[in-house]
Amino acid sequence: MSEIVLFHSVLGLRPGVLQTAEEWRQAGHVVHVPDLYGGAVFDDYDAAFEFFESYGGLPELLRRATAAMDGLRPDVVYAGYSNGVLPATLLAATRPGARGALLFHGSVPLRAIGAELWPSSVPVQVHEGEEDPFREAELNDEFAETVSAAGASYHYFSYPGVSSHLFADTSLPKEHHPEAAATMNRRALEFLAACG
């Protein structure tokens, strides 16, 4: 059994993220899903990014995510959907006791979030659609090199034929890819079981 903190995407705490959390709970895990937007939820990326910038951008996102950890135990797995990868990566890299990092729909270099080193004891899984319109291969490669250089376990999963970004979000019918999402969740559950 693992304890997990799951951060939502730039679109806010959508039902699809809550569904993932519930599936993990049904598998026996404890899952916390902080709402870093105070209830704001979006269907449109342009509107979501406009909100994100207006509320303080990355610094405010990371501040709220760090504050959400108050009172939680240190030995958790950090997970994030898309924009939620940013706080998940920062906390896994800098908060002592992290058990793992599950990064859905991309990854970012540590320099992008003000961190420098990756802990050798923190394993990583990254999941991304092969044709994700937001995919930035060079950023994924830089992050992979940092984690591997630290001696930590790193696995990158690319999902062939998936051209949407948030393919695992069941509440986004135009983006949801059921087969890829099921495979991703199976791999994530195997990862969580190993971290427990």
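The values are calculated or read from the model by the stated rules, or taken from the named source; none is laboratory data. None of the values given here were measured: they were computed from a predicted structure. Every residue, glycine as well, gets a Cβ built from its backbone with ideal geometry; the counts of neighbours run over all protein chains shown.
Values for this structure:
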| item | result |
| --- | --- |
| Qualifying residue in segment 78-97 (condition: more than 23 Å from LEU139 (Cβ to Cβ) and in contact (Cβ under 8 Å) with a residue 24 or more places away in the chain) | yes |
| Single unsatisfied condition, ALA92 versus (1) outside any loop (DSSP other than H, G, I, E, B); (2) within 20 Å of ALA48 (Cα to Cα) | (2) |
| Filter result for GLY129 (in contact with a Pro (Cβ under 6 Å, 6 or more places away or on another chain) and under 26 Å from VAL162 (Cβ atoms)) | no |
| Subset of segment 55-85 that is under 17 Å from GLY100 (Cβ atoms) and of a type in the set (A, V, I, L, M, F, W, C) - its residue that is farthest from the chain's Cα centre (by Cα) | LEU72 |
| Candidate set from segment 165-196 (those that are of a type in the set (Ser, Thr, Tyr) and touching a helix residue (DSSP H, G or I) at 6+ places or on another chain (Cβ under 9 Å)); member that is farthest from VAL77 (Cα to Cα) | SER171 |
| Residues of segment 154-196 classified as within 15 Å of GLU23 (Cα to Cα), surrounded by fewer than 18 Cβ atoms within 10 Å (Cβ to Cβ), free of Cβ contacts under 8 Å to residues at least 40 places away in the same chain and among the small types (Gly, Ala, Ser), total | 1 |
| Residue selected from segment 76-107 under the condition touching a Lys or Arg at 6+ places or on another chain (Cβ under 7 Å) and modelled with pLDDT of 95 or more, by the criterion nearest to HIS155 (Cα to Cα) | VAL77 |
| Candidate set from segment 50-71 (those that are out of contact with any Phe, Trp or Tyr (no Cβ under 9 Å at 6 or more places or on another chain) and hydrophobic (A, V, I, L, M, F, W, C)); member that is surrounded by the fewest Cβ atoms within 10 Å (Cβ to Cβ) | ALA67 |
| Candidate set from segment 108-166 (those that are of a type in the set (Val, Ile, Thr) and under 15 Å from the mean Cα position of the chain (by Cα)); member that is modelled with the lowest pLDDT | ILE113 |
| Count of segment 48-75 residues which are out of contact with any helix residue (DSSP H, G or I) (no Cβ under 9 Å at 6 or more places or on another chain), small (Gly, Ala, Ser) and at pLDDT 95 or above | 1 |
| Segment 156-182 - residue that is among the hydroxyl-bearing types (Ser, Thr, Tyr) and assigned to a loop (DSSP other than H, G, I, E, B) and, of those, farthest from GLN125 (Cα to Cα) | SER171 |
